[in-house]
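These notes concern the structure reproduced below.
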Amino acid sequence: MVPRTFGCPTIAFRPIQPSDLEILERIHGDVFPIRYEPEFFQNVVHRRDILSWAAVDQSRSDGKCNELIGFVTARVVPARESEILDLLSYGSLRTDQSLIYILTLGVVESYRNLGVASSLIRHVIKYASTMPTCIAVYLHVISYNIPAICLYEKMSFKCVRKLPGFYLINGQHYDSYLFVHFINGIRSPCSLLELVKAVASHVRSAFNLLISVLWNNDEEVARWSRWKESSPGPARFNQNKKIRTAEATAYERV
Ligand SMILES: CC(C)(COP(=O)(O)OP(=O)(O)OC[C@H]1O[C@@H](n2cnc3c(N)ncnc32)[C@H](O)[C@@H]1OP(=O)(O)O)[C@@H](O)C(=O)NCCC(=O)NCCS
C-alpha cells in the first residue's frame, strides 16, 4: 500500500513514461480483477497508439514524488469502426471523425476520494475537446462497480447501453454498462430522447386537461338532462363515462 502524505497532497499530472512500467503493472494488478498482457503495459509506457496520464503526489516525503498514484489510459478509435456507431449515425458522420475510448483508470487506495480520478478524466475530455475530429469519450464499466459508475455520472457521462455477460472473470460472466460523454457540440441521443419525453409529457398534460374539461361539460349536461327529463340521459352519460375510463386507462399505460 502506498502511504499518503499527511494533509492535503499536491497532485500533479503527466504522461506515463517507460520508468513507470513496474509500478503501472503493480497498480493494475492491485485495482483490477482482469489481468492485462505485458504487451499492453509496453504499449502504454512507449505511447504506442495509447494516450495516458499519470497522477503523482509531489508532496511525498519518501522521495517517491514522481511515482504513480493514479493513471488513465485511452485509445483513439475511428468513429466508423466503433461499437457505438449506431448511436452516432443520427447525424451526418464524417469519415475522419473519431472517439476516445478509455481503456483503464485507477487510483491507489490511499489516494481515493480526493478527486484524482475526476482530474484524470478531465484531462482526457480536455484532450478530446482539442481534437477537432473527436466527438465523444466512451468506456465500459462492470455493472457492480458503483464508485466508478457514480464517478462517470458525476462527470456527465451517459449510460447508453447494458451489455449482458460482457466481462468474463474467473470463468464467470458479468454485465457491463457503456458510458459515453459527447463533446465538441455533439448532442447525445439520450438528450434527444429526453426532449421527446418532455414533449410527450406536455402533450399528455394537455390531453388530460382537455378530457377533464369535456368531462365537466358532460357532467353539467347530464345533470341538466336528469333534472329536465326522467330518461334516457343518465344511461347515455354512464355509457360515455365507461368509454372515457377505458380510454384514460389505455393512455396511462403508454
Ligand atoms: C473508481 C475510482 C477510479 C475513483 O477514483 P477516485 O480518485 O477516488 O475518484 P474521485 O475522488 O475523483 O471521485 C469522484 C466521484 O466518484 C464517485 N465515487 C468515488 N468513490 C466512490 C465510492 N466509494 N462510492 C460512491 N461513489 C464514489 C463520487 O461521485 C465522487 O464524487 P464526490 O466526491 O463528489 O462524491 C477508484 O475508486 C478506483 O481506482 N477503483 C478501482 C479501479 C476501478 O474501478 N476503475 C474504474 C474501472 S471502469
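The values are calculated or read from the model by the stated rules, or taken from the named source; none is laboratory data. Quick caveat, the model's predicted, so the values are computed rather than measured. Here Cβ is always computed from backbone atoms with ideal geometry, including for glycine, and neighbour counts include all displayed protein chains.
Give the stretch 116-139 a look and list any residue that's surrounded by fewer than 17 Cβ atoms within 10 Å (Cβ to Cβ), within 20 Å of Arg80 (Cα to Cα) and either at pLDDT below 95 or within 8 Å of the ligand (Cβ to nearest atom) (or both), or say none.
Selection gives Pro132, Thr133.
Okay, residues lined up against (1) under 27 Å from Phe182 (Cβ atoms); (2) surrounded by 14 or more Cβ atoms within 10 Å (Cβ to Cβ); (3) within 27 Å of the chain's Cα centre (by Cα):
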{"position": "Phe13", "(1), (2), (3)": "yes, yes, yes"}
{"position": "Pro18", "(1), (2), (3)": "no, no, no"}
{"position": "His28", "(1), (2), (3)": "no, yes, yes"}
{"position": "Phe41", "(1), (2), (3)": "no, yes, yes"}
{"position": "Asp57", "(1), (2), (3)": "no, yes, no"}
{"position": "Ile69", "(1), (2), (3)": "no, yes, yes"}
{"position": "Ile100", "(1), (2), (3)": "yes, yes, yes"}
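Please state which of the following conditions Arg26 fails to meet, knowing it meets all the rest: (1) without any contact (Cβ under 8 Å) to a residue 12 or more places away in the chain; (2) in a loop (DSSP other than H, G, I, E, B); (3) of a type outside the set (Asp, Glu).
(2)
Does Gly63 qualify as being at pLDDT below 95, under 21 Å from the mean Cα position of the chain (by Cα), of a type outside the set (D, E, K, R) and part of a loop (DSSP other than H, G, I, E, B)?
no
Consider only pairs whose beta carbons are under 8 Å apart and that are at least six residues apart or on different chains; among these, list those whose first residue lies in the stretch 117-134 and is without any contact (Cβ under 8 Å) to a residue 40 or more places away in the chain and whose second residue is assigned to a helix (DSSP H, G or I) and within 15 Å of the ligand (Cβ to nearest atom).
From residues that are without any contact (Cβ under 8 Å) to a residue 40 or more places away in the chain, the pairs are Ser118/Leu151; Ser118/Lys154.
Among what's in the stretch 140-155 and is within 6 Å of the ligand (Cβ to nearest atom) and not in a loop (DSSP other than H, G, I, E, B), pick the residue that is surrounded by the most Cβ atoms within 10 Å (Cβ to Cβ). Explain how you work it out, then say what you get.
Our first condition is that a residue be within 6 Å of the ligand (Cβ to nearest atom); within the stretch 140-155, this holds for 141, 145-148, 150-151, 154.
With the extra rule that they be not in a loop (DSSP other than H, G, I, E, B), the set shrinks to 141, 146-148, 150-151, 154.
Numbers: Val141: 23, Ile146: 9, Pro147: 12, Ala148: 17, Cys150: 10, Leu151: 18, Lys154: 11.
Per the criteria, the residue is Val141.
Can you name the residue in the stretch 88-98 that is surrounded by fewer than 15 Cβ atoms within 10 Å (Cβ to Cβ) and not hydroxyl-bearing (Ser, Thr, Tyr) and, of all such residues, is modelled with the highest pLDDT?
The selected residue is Asp96.
If I go through the stretch 84-115 residue by residue, how many of them are of a type outside the set (Gly, Ala, Ser), away from the ligand (no atom under 16 Å from the Cβ) and either closer than 24 Å to Val56 by Cα or in contact (Cβ under 8 Å) with a residue 24 or more places away in the chain (or both)?
The initial filter retains those residues of the stretch 84-115 that are of a type outside the set (Gly, Ala, Ser), namely 84-88, 90, 93-97, 99-105, 107-109, 111-114.
Subsequent filtering for residues that are away from the ligand (no atom under 16 Å from the Cβ) retains 84-88, 90, 93-97, 99.
Next cut, either closer than 24 Å to Val56 by Cα or in contact (Cβ under 8 Å) with a residue 24 or more places away in the chain (or both) only: 84, 87-88, 90, 94, 96-97, 99.
The total comes to 8.
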